[in-house]
Amino acid sequence: MKINSAFTQILLFLLLATFSCQEQSPQKHYLSFTTPEELQNYLAWAPEKTPLIGAHRGGPLPGFPENCIESFDNILSYAPCLIECDVRKTKDGVLIMMHDEMLERTTNGSGNITDFTWDELKMLQLEDNDGKLTDFRIPTLADVLDWGRDKAIIQLDVKRGIQPPEIVEAISRQQAEAYVVVITYTLDAAKEYHRLNPNLMISASASGPEGTTRLLNSNIRKQNLVAFVGVFEPPAEIYDMLHQNGIRAILGTLGNLDRKAEKEGISVYLDLLKNGADILATDNVPMVTEVIERYVVEKR
């Protein structure tokens, strides 16, 4: 039986188009946790575990603004990143995602966030880090927690003017304890979040031997902690203290260490991992993804 040549061409075109679409849709590295204990186990330190990536401000790239759900989903094409994002509050008390107090750098608006209601702010468009206007909009914290379920670990950097009970209530309302980490900057704040909800994972500061000792001697359960050791490589004893207690260390490469790696190459990141860093909080997710893949191969 002869097949009509025109029909054959159409069929081939459709098959090629389907294959092309599949090729252009990168796999997303989603994570799914159903209980806080599962999250705690995933983030606990063990020598055999693969290092992780913290996507600073959600991993913005050209065309993808910071603190934007579309950017969060895009960065998961590279690795199962922890999505670090910033929470601020509007004039009418809505918790939204935005790093700056002012609107000018990241939106087509102007002025202080606290001078606007959510109804006003949700009309704005986001700009990427090159100043290019996109069709993306400011998400609320509720939007992000809805999106993050069965997709990613959300790290919340809570800005001034927002009290711990507000964040704890927002997380509890959406039953998000299984995939949220709250970032704190003082031991008192870390203790307060732990008191309000003992199930929460907390990123606490481990500043030098004394600060790390105070953290380890606090009443915060070790399984509820990851520790931020700063934006410069700490002494090896800090890593040792944390690892002996089953706690992963987050090193902030954003800024000076990222710039050093861009100039000198991936050996910068490789040395940081070999020296004891467990999670690299970075502005360069694509490069760090490549480094971790190489680190895992070399470690075998």
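The values are calculated or read from the model by the stated rules, or taken from the named source; none is laboratory data. Computed from a predicted model, the values in this text were never measured in an experiment. Here the Cβ positions follow ideal geometry from the backbone for every residue, glycine too, while neighbour counts run over all protein chains shown. Accessible surface is based on the protein model in full, side chains and every heavy atom, while ligands, DNA and RNA are left aside. Shrake-Rupley method; radii C 1.70, N 1.55, O 1.52, S 1.80 Å.
Quick one: is V94 among the aliphatic types (A, V, I, L, M) and closer than 24 Å to D283 by Cβ? Break it down stepwise before answering.
Working: among the aliphatic types (A, V, I, L, M): yes; closer than 24 Å to D283 by Cβ: no.
So V94 fails the test.
Scan segment 143-171 for residues that are assigned to a helix (DSSP H, G or I) and either modelled with pLDDT under 95 or open to solvent by less than 40 Å² (accessible area, probe 1.4 Å) (or both) and report the count.
Residues of segment 143-171 that are assigned to a helix (DSSP H, G or I), as a first pass: 143-148, 164-171.
Now drop any that are not either modelled with pLDDT under 95 or open to solvent by less than 40 Å² (accessible area, probe 1.4 Å) (or both), which leaves 144-145, 147-148, 164, 167-168, 170-171.
So the count comes out to 9.
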### Message
Can you go through R88, R57 and tell me which one is in contact with a strand residue (DSSP E or B) (Cβ under 7 Å, 6 or more places away or on another chain), closer than 18 Å to V288 by Cα and surrounded by 18 or more Cβ atoms within 10 Å (Cβ to Cβ)?
### Response
R57
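Would you mind stating whether P198 is of a type outside the set (S, T, Y) and under 29 Å from V268 (Cβ atoms)?
On the way: of a type outside the set (S, T, Y): yes; under 29 Å from V268 (Cβ atoms): no.
Considered against the rule, which asks whether it is of a type outside the set (S, T, Y) and under 29 Å from V268 (Cβ atoms), P198 comes out as no.
Report yes if some residue within segment 229-252 is among the small types (G, A, S), farther than 13 Å from D278 by Cβ and open to solvent by less than 20 Å² (accessible area, probe 1.4 Å); otherwise report no.
Let us first name the residues in segment 229-252 that are among the small types (G, A, S), namely 230, 236, 246, 249, 252.
Now narrow it down to the ones that are farther than 13 Å from D278 by Cβ: 230, 236.
So of that shortlist, the ones also open to solvent by less than 20 Å² (accessible area, probe 1.4 Å) come out as 230.
Checking segment 229-252: at least one residue is among the small types (G, A, S), farther than 13 Å from D278 by Cβ and open to solvent by less than 20 Å² (accessible area, probe 1.4 Å).
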### Task
Residues being under 14 Å from L225 (Cα atoms), open to solvent by 20 Å² or more (accessible area, probe 1.4 Å) and either modelled with pLDDT under 95 or not charged (D, E, K, R) (or both): count how many of those fall in segment 172-193.
5
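Limited to segment 112-140, what total is found for residues that are part of a loop (DSSP other than H, G, I, E, B) and either in contact with a Ser or Thr (Cβ under 9 Å, 6 or more places away or on another chain) or open to solvent by 20 Å² or more (accessible area, probe 1.4 Å) (or both)? It would help to see each step written out before you state the result.
Looking only at segment 112-140, we keep the residues that are part of a loop (DSSP other than H, G, I, E, B), and these are 116-117, 122-125, 128-132, 134-139.
Those still in the list that are either in contact with a Ser or Thr (Cβ under 9 Å, 6 or more places away or on another chain) or open to solvent by 20 Å² or more (accessible area, probe 1.4 Å) (or both) too: 116-117, 122-125, 128-132, 135-138.
So the answer is 15.
Would a scan of segment 238-252 turn up a residue that is farther than 30 Å from P62 by Cα, part of a helix (DSSP H, G or I) and among the charged types (D, E, K, R)?
Scanning segment 238-252, I find at least one residue that is farther than 30 Å from P62 by Cα, part of a helix (DSSP H, G or I) and among the charged types (D, E, K, R), so the answer is yes.
So which of S218, S203 is small (G, A, S), more than 23 Å from the chain's Cα centre (by Cα) and closer than 30 Å to S172 by Cα?
Every option except S218 fails the conditions.
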### Task
List every residue pair whose Cβ atoms sit under 9 Å apart, with the two residues 6 or more apart in sequence or on different chains, where the first one lies in segment 24-42 and is more than 17 Å from V168 (Cα to Cα) and open to solvent by less than 60 Å² (accessible area, probe 1.4 Å) and the second, anywhere, is modelled with pLDDT under 95 and not polar (S, T, N, Q).
none
